[in-house]
Structures are given as structure tokens and as C-alpha cells.
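Notes follow the structure.
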Amino acid sequence: MQTEPTRKSRRFVPVWVLLCTVAMLIAVPGVWSWAQFRRANQFRGETFRIGVDHNPPNHDWSEQEGATGFDVDVLNDAARRAGVTLDWVFCPRWSSAVQLDGSIDLWPVGYYRPGELPGVHQTRPWNEIQHAWIWERGRMPVGPERLDRKRVAVVDRRVTQALVLQSFPNMDFLLTPSRLESLNAMCAGRADLAFLNTRVLEEVLLNRPANCRTTMFQVQSLPDLISPMSIFSRMESAGVAEVLRDRIDEMLVDGTVVGFAEKWFSLSGSEVRQASRLKERTLGLKWLAALCVVMALAIGLLVWLIRNLRLARAGADRSRQLQAEFLANVSHEIRTPMNGVLGTADLMLDTVADPEIREQIETIRESAYGQLELLNQILDQSKIDSGVLLLEMTPFSLRRLVEQVEKTFLPVARRKGIWLRSDITPDLPEMVQGDGLRIRQVLTNLVNNAVKFTADGGVEIAVRAELSGGTVAVSFVVSDTGIGIPNNVLGTIFEKFRQVDASTTRRYGGTGLGLSISRQLVRLMGGDLTVESELGKGSQFRFSVSLAASRAAVKPKAPLEKTVTPTGLTILLVEDNLVNQRVAQALLQRLGATVVLAGNGLEAVAKCRERKFDAVLMDCHMPEMDGYAATIEIRKSAGPNCRVPIVALTAGVSGEERRKALQSGMDGFLAKPVSREELALTLVALPRRASPAA
Ligand code: ADP
């Protein structure tokens, strides 16, 4: 058998897995971000020397302005983000400064092949420079060899030289101090063409030197000739170079670098487009990450809510169960003495002949039945209110049910001088499956009201059925020609404790609960209860329920009326309440049965071992051993009574108790208070499992 904690812990395994995943989703990026944060801030507050030379507009130096240019702006912003101060130092021979004398720690931008500059740290590239040829229209031949032995004006910078030399070894070079000078040399005929950085091309052409003013140029960009530019540093300052490089990544993503580039160069359309696409994509990624975190939090919250809901539901189930137990106990405690009152009244009616005393006893009986009816209604209402009313699903004959209700009210109707008839469609299936007792309760209430509120004419119960598939839709109409209901109260008649007016209670009695319970029962069964009425002419109550067709065989009618009695049977009566013991014993004896008494389950089991009985009437709630346990013991024993018919005779009337009784092995169920007729009917109709006791 599985223990409670094991089941609970199993149930929480998926919850734990989910919680751990959510925790990981939050923790891993958290730890990772913390490490990132520590790394990014490790040089906060420190100052580093960074070199700059004349290379406008990338970077430049003047005594008045200090370091200016695109690279300067980018590096300054990266340093601000990293909490680092940069001290810009003019340094025309930067590589040896970084490499050898240590007069600077960093160089903002440069291009070397890996390993070309030993002792210098080089970060990932953060910038790319593209180049183009520019020449005077018509001066250059066409074809692949056109560049051979041509003289090219190249700005005297190591990066540019290295790039051109390595790609075009057959060319002659004219080194110039600036890009403008390269253009000037070409216009003056000292070079065939110039080699320029595309970013500055537009500016150079717009501000061309005087001897180039009228020249028509031709430009050819070199998309494959790209110099990837990195930050350089001394080995000791590699850490801060990397931190600055990381910050530039952020700036590339958030558009800051493009902003600086736009300030210093004229960017090509594709460059701007690419940058904004990158920015959008990164923004999208950020949103995605934020969404993931929100989702993780939402999942966590959901799991937490589900768990709380489950706990709350378990609590509600428990309190519903307690309420159901309480109602069952109240019902039991009231029914037990009521059984004594009604049973004694029945017995007295048998013996008393004086009409006056008989009338008084009848009054006691009627009042007790009234009390019982009220108790039933209050219990039903509280069960419905607290959601513990459960419907049964058992096969029953609807036709027989309607006939029985009709038969019950026929004597009253006759006494009042009104007619009562039923009109049942021949299409009604013999057996249906559903809660027959509850349907009977609704029908009884409607017919009871109809008969009660009708003085002339009569009452009709009409039943129609519609079969589709395995379902039977049954509609009932209870019509009367009685006092009717005023229009203004028709809407409220189904509310609890509602009656047409206060005089109704005085004249006809009742509590105003019947219709409310009936409607709620019908709704529980998937239908509805409605009314049409005309004051002084009568009322029509309609309800419909959906039942399942059943293949169960119709039980033959018990072949008995008043004449049939269980005469000659020996019955073991198991009952702990002395009054009820006396009443049941007397009832049985009057029916001609021989009674053997047992005060609890244990005694009953013992008596069953001693001798054989024709039937056992078993109370369910008893000290020492209850009726269910006693039944199980009797059925288990190899004694003469292991197959004896056992009928529950109990004040516990809930469906649960009925089920428990049948499950323990009982054959029938009688609810207290029990009438003599019911008792006789049940005993006579019992399955004959064994021959009568000797
Ligand atoms: P009770 O009959 O116990 O008062 P019900 O809920 O069954 O409670 O009925 C509520 C009220 O509806 C009745 O008191 C009565 O005023 C009115 N009523 C019900 N059925 C009929 C009927 N067939 N004809 C006239 N009035 C009715």
C-alpha cells in the first residue's frame, strides 16, 4: 500500500523539477551577469595612458584641443562606461612606445597580422576600414594588368602601406603625409592613382586641393581589401584593453559607435542600414531575454498558484467532507428517536380502539412525519448549499416510479373529491439509469403541492420521453386546476422559503423549501424546472431530465399487499437503541415473525454462529462493532448464516451509507423511521438464499 507522504512527494516531483528549472533560469544568467559585472568593473577608478597621432578624421592631436576624432570619441565613451580614465598622450611612434619604452599603455586602433608585433596585446577588431582607388577619368587603361608598375599615392601610414604592398606588389608607391596630399599628387601628375580610405573619400573630394578643382575622378572601391582594426596594449594592460573592447561591443549594439561615425565620416547607406539592423536585432534579443525572464517568473507564479489552489481545494474537500459527516450525524441523531415515536404510534394504533385516542395518536404521527419532512428538506438544502449532494446512478423503472407517486396521493385526492391521473407515453423505456429517488422526490413535491392547492377538478402527471442514442430525455408536466399563482410572484416562487403569501403557511402549511430544492435537484440532473400559472385557473410545473437508457431487467412487482406478512420467519434484530429495539421487535412480532435480539455487531456475529436465521435486520451505527463490520464477519464465517439475507435498518440515510451497506454484503436497505408496510414488503421480497430456519 502506498503511504500518504510517498504519494504527496510523487505529486510534487514535477513541481520541483519546474521550480528548479525556473530557479536555474534565473540563477544561471544571474551568476553569469554577476561575473560579467565584476570583470567589467575591475579597473574602475584607474587611469591609463593612451597614445594618439595625426590621422584625421580617425584621430588627431593639437595642443589646444588635445585628442580629437572618431577613435578618440569611441575610446572615451568605452572608458566612461568602464569607469576608467584615459590620459591621451601625443605619440607619433606608437608601436615602439607600446612595445618598448612603456610611455603609453594603450593605442586606440591599429592593424597588424597576429604575432607580427611581439610583446603587444591585440584585442578583437572593433572597426573595419575599406579602401578604394581613385584616378583621373580617362588616364587609366582598362584590364587586369592596368595597375602593373603604376605609381600609386599612398598615405604614409604603416597600416595602409602594409595593406597595399601585400596586395599589389607590382606597383610603385609614392608616400604622402596625408590623404589630401595623395589626391594632390595624383592631380599634379606625380602619381597615376591614389589609394584612399572610403570613409574619408567623400570629404576629401568635397574639399579637394586647388589643382584638383576641375578634375573628373573615377572611383573603384575594393570590397576585399579590409583592415580589421583592434585596440593595442602593453601586455600588462591587456585586461583593461579587453574591458574597453567589450564596452565597444555594447556601443556597437546600442548605436553609439554609428553616432560617432556619422559625426566624423559620411557613412554609406549600407553601413547605416547594417548598423540599424544590428541595433534592431539586439533590441529584439533583449526583449526576447526579458520575455524569457518574465515567462520564467510567470511559470513560477503559476506553479505556486496551482500548488496553493491544490492545497485550498484539499482544504475545501476536507471541510466538505466534515460537513457531510456532520449532516449525516444530525440526520442520524434526529431519525433515531423519531423512529421510536412513529413506531410507538403505529403500535398504539394497533391496540387502541377508542376513536378519540386514535385521533390523538394520528395527530402525533402526522406531526412526527411533518417534522421528518422538514428535517429532510433542511438537510437536502444544506447538502445542496455545501455541494455535498451526490446523485446516484442506478437502474430503475420510471413508469413504476410515476405509478407509485400517483398511488401515494390517490387516497388524499379522493378524500378531497378531486381526480388524480397519470398519462405516460408508451415510448417510455422500461428501465432507465439515474437517481430515481431524487426524481421521485421532485415529482412527489410537485404532486403534493398540486393536490394541496386544488379544491375542484384534479391533477394530471404527464410523462413524455425522447430517445436519442443511449440517452432518454424525459419531460414531466404536473398540471392542476387549483388556486393558481399570481403573476407577480411567479418569478420568485423557486427561491428558498418563498410562498405566495404569509396566509399560505397558515392555510396549507409548508416551508417554502420544496420548489427551491426541486429546481436545484433537477438542475443537478442537467434539466430545469419551470412553471406557468393563472390565478384561479391552475398551474403547470414542467421539468425535464436527461437519463441513460438501461438494459437492466425490470424487477417483478412484489406480489403483496396488506395480506402478505413474513409470518413464521425467524429474524435476528440487531439494534443498540432500546426504544427502537422494542418498537422493531413489536412490529415484527405483529407481522408474525419470531425475533432474536442482539445489542451490537459482536453479539450479532456470535448469535449467527449459534443458530440459523431467515433474515437479519441490521442497524449500522452501533458500539463495539458496527453493522458493516458485523455483516462482513457474518459473510466471511463458515457458519449457517454466511448467506443469510441481511437488511440494513438504519437512521443513516445518505447515499454513501447506502453504498457502504451494500458493499459490506447487505442485501437491502431500510431507512428509519420504517413503517410496518415497508418492513413487511422488504422481508417478504428478500431473496431466499437459504431455507427457513428449523
Ligand atoms: P411549500 O409547499 O412547502 O410551501 P414549495 O416550495 O413547494 O413549498 O412551494 C412554495 C409555494 O409555491 C407554496 O407555498 C405555494 O404558495 C406555491 N405553490 C407551489 N405549488 C403550487 C401549486 N400547484 N398551486 C398553487 N400554488 C403553488
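Number of residues in region 435-451 that are within 13 Å of Phe541 (Cβ to Cβ) and either within 10 Å of the ligand (Cβ to nearest atom) or surrounded by fewer than 20 Cβ atoms within 10 Å (Cβ to Cβ) (or both) equals 8. With respect to (1) surrounded by fewer than 16 Cβ atoms within 10 Å (Cβ to Cβ); (2) more than 22 Å from Leu244 (Cβ to Cβ), the lone exception for Pro114 is condition (2). Annotation for region 474-494: at least one member residue is modelled with pLDDT under 90, touching a helix residue (DSSP H, G or I) at 6+ places or on another chain (Cβ under 8 Å) and either within 12 Å of the ligand (Cβ to nearest atom) or part of a loop (DSSP other than H, G, I, E, B) (or both). In region 657-679, the residues that are assigned by the TED database to the domain that holds Thr631 and assigned to a loop (DSSP other than H, G, I, E, B) reach residues that are open to solvent by 20 Å² or more (accessible area, probe 1.4 Å) and among the basic types (Lys, Arg) with C-beta atoms within less than 7 angstrom, at least six apart or across chains, in these pairs: Gly665/Arg635. Pick out the one residue from Leu302, Leu342 that is outside the structural domain of Val653 (by the TED database), in contact (Cβ under 8 Å) with a residue 24 or more places away in the chain and on the phi < 0 side of the Ramachandran plot. Step by step, each of Leu302, Leu342 is checked, and only Leu342 is outside the structural domain of Val653 (by the TED database), in contact (Cβ under 8 Å) with a residue 24 or more places away in the chain and on the phi < 0 side of the Ramachandran plot.
Among all residues of region 3-21, there is none that is of a type outside the set (Gly, Ala, Ser) and modelled with pLDDT of 80 or more. What about Ser167, is it at pLDDT 85 or above and of a type in the set (Gly, Ala, Ser)? No; evaluated as a whole, the condition is false for this residue. Does region 406-419 contain at least one residue that is without any contact (Cβ under 8 Å) to a residue 12 or more places away in the chain, within 25 Å of Ala473 (Cα to Cα) and surrounded by fewer than 14 Cβ atoms within 10 Å (Cβ to Cβ)? Yes - at least one qualifying residue is present in region 406-419. Among residues of region 510-538 that are more than 7 Å from the ligand (Cβ to nearest atom) and among the charged types (D, E, K, R), those with a beta-carbon under 8 Å from a residue that is open to solvent by 50 Å² or more (accessible area, probe 1.4 Å) and not in a strand (DSSP E or B) at least six positions away or on a different chain give the pairs Asp528/Arg519; Lys537/Thr481. Given the condition touching a His at 6+ places or on another chain (Cβ under 6 Å), buried (at least 20 other Cβ atoms within 10 Å of the Cβ), under 30 Å from Glu181 (Cβ atoms) and β-branched (Val, Ile, Thr), answer yes or no: does some residue in region 40-50 qualify? No; the residues of region 40-50 include none that is touching a His at 6+ places or on another chain (Cβ under 6 Å), buried (at least 20 other Cβ atoms within 10 Å of the Cβ), under 30 Å from Glu181 (Cβ atoms) and β-branched (Val, Ile, Thr).
For Arg399, the criteria (1) open to solvent by 30 Å² or more (accessible area, probe 1.4 Å); (2) modelled with pLDDT under 85; (3) in a helix (DSSP H, G or I) hold in every case but one, which is (2).
The values are calculated or read from the model by the stated rules, or taken from the named source; none is laboratory data. Note that the structure is a prediction, hence the values are computed from the model and not measured. Every residue, glycine as well, gets a Cβ built from its backbone with ideal geometry; the counts of neighbours run over all protein chains shown. Accessible surface areas use protein heavy atoms only, side chains included; no ligands, DNA or RNA. Shrake-Rupley method; radii C 1.70, N 1.55, O 1.52, S 1.80 Å.
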